[in-house]
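Working notes for the structure below.
The values are calculated or read from the model by the stated rules, or taken from the named source; none is laboratory data. This is a predicted model, so every value here is computed, not measured. Cβ placement follows ideal geometry from the backbone for every residue including glycine, while neighbour counts extend to all protein chains displayed.
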Amino acid sequence: MYARLKSFIERPEPFSVVTTRELWTDEHVSARMLAHHLDPATDLASRRPEAIDRQIRWIETRLGLAGKKVTDLGCGPGLYAERMAMHGARVTGIDFSARVLNHARWQANAKRHAIEYRLADYLEDPLPEGQNLVTLIYGDYCVLAPAQRARLLKRIKAMLRPGDHFLFDVFSGPQFGQVEEAFVCEQRLMNGFWAPGDYFGFKVTHRYDDLRLGLDRYLIVEPERSREIFNWVQYLMPDDVEAELTAAGLELAEIFDLSSGGKWIAKSAPFGVLARKR
């Protein structure tokens, strides 16, 4: 056990281990994540309803949605997809969590929204083409390694029609200042989030200052198994984003403040990005 814990607290190479799929497909954890998505009083998995409504109004005002073909990558339980469909968009939602997609489909059927939901990995599986708008919401861009981001941007370019748009949001450089290195050990860490029965949870947080990269690394020890989760987040500035878009053949159209919809002024808050296919 000593060797396991010593290895656990050591700083790994950036993005050397990726466990995103395990986080979203574990039977117990995915149920807890869905509950957080649907809780209007928390921002742990999705933004609160008023923030989602504000962003949909911005999209409708800035781009229009009626009749548009839209793909929402990492759509979760359809909180954005439903609202875009209500504005007349023809929406496809893509996610690799079967649990959240089952909820999204149930909601769409109950509300008679014609939304297509696909169980797929947007980094690997086929994606719709001829789209007017592709969205990637709530910092998903920042949990990807740079090589994954480059691959995704090229795939998104192939999805879009010339002149059409990719909308996403980014955790900003100033937010990296809030990342603090720490070590925590608790029985049933995070109030039973990680498993239905008893377990011990260990969490170590690392900072990679030269990359503005943070890692929350978890070790979950249950009576019959143990597992690790790596939660990487890279904090970016507009110049970083523009360089990555340009390398993929996309152009930056606008950086905006998620709260006001106006110009983003460097502060400890995420910013929105509107890109366009040339």
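Regarding region 23-33, can at least one residue be identified that is more than 16 Å from Leu101 (Cα to Cα) and outside the structural domain of Pro223 (by TED's automatic domain parsing)? No, every residue in region 23-33 fails to be more than 16 Å from Leu101 (Cα to Cα) and outside the structural domain of Pro223 (by TED's automatic domain parsing). Only one residue in Leu236, Leu252, Leu245 is closer than 21 Å to Arg47 by Cα, surrounded by 15 or more Cβ atoms within 10 Å (Cβ to Cβ) and either free of Cβ contacts under 8 Å to residues at least 24 places away in the same chain or among the aliphatic types (A, V, I, L, M) (or both). Which one? When all the criteria are applied, what remains is Leu236. The criterion of at least 1 residues that are touching a residue at least 40 places away in the same chain (Cβ under 8 Å) and among the hydroxyl-bearing types (Ser, Thr, Tyr) is met by the following strands (runs of 3 or more DSSP E) wholly inside region 76-181: 116-119, 131-136.
The residue of region 128-145 that is farthest from the chain's Cα centre (by Cα), among those that are crowded, with 21+ Cβ neighbours inside 10 Å and farther than 23 Å from Leu34 by Cβ, is Gln131.
Of the residues contained in region 114-127, one or more are found to be surrounded by 15 or more Cβ atoms within 10 Å (Cβ to Cβ) and aromatic (Phe, Trp, Tyr).
Scanning region 57-110 for residues that are of a type in the set (D, E, K, R) and farther than 29 Å from Gly163 by Cβ yields Arg99, Arg105. Considering Glu228, Glu186, the condition of being surrounded by fewer than 19 Cβ atoms within 10 Å (Cβ to Cβ), without any contact (Cβ under 8 Å) to a residue 40 or more places away in the chain and of a type in the set (Asp, Glu) is satisfied by Glu186 alone. Considering Lys277, Lys267, Lys203, which residue is of a type in the set (D, E, K, R) and modelled with pLDDT under 95? Sole residue among the options that is of a type in the set (D, E, K, R) and modelled with pLDDT under 95: Lys267. Might you let me know whether region 73-83 holds any residue that is outside the structural domain of Asn191 (by TED's automatic domain parsing), out of contact with any Asp or Glu (no Cβ under 6 Å at 6 or more places or on another chain) and aromatic (Phe, Trp, Tyr)? No: region 73-83 contains no residue that is outside the structural domain of Asn191 (by TED's automatic domain parsing), out of contact with any Asp or Glu (no Cβ under 6 Å at 6 or more places or on another chain) and aromatic (Phe, Trp, Tyr).
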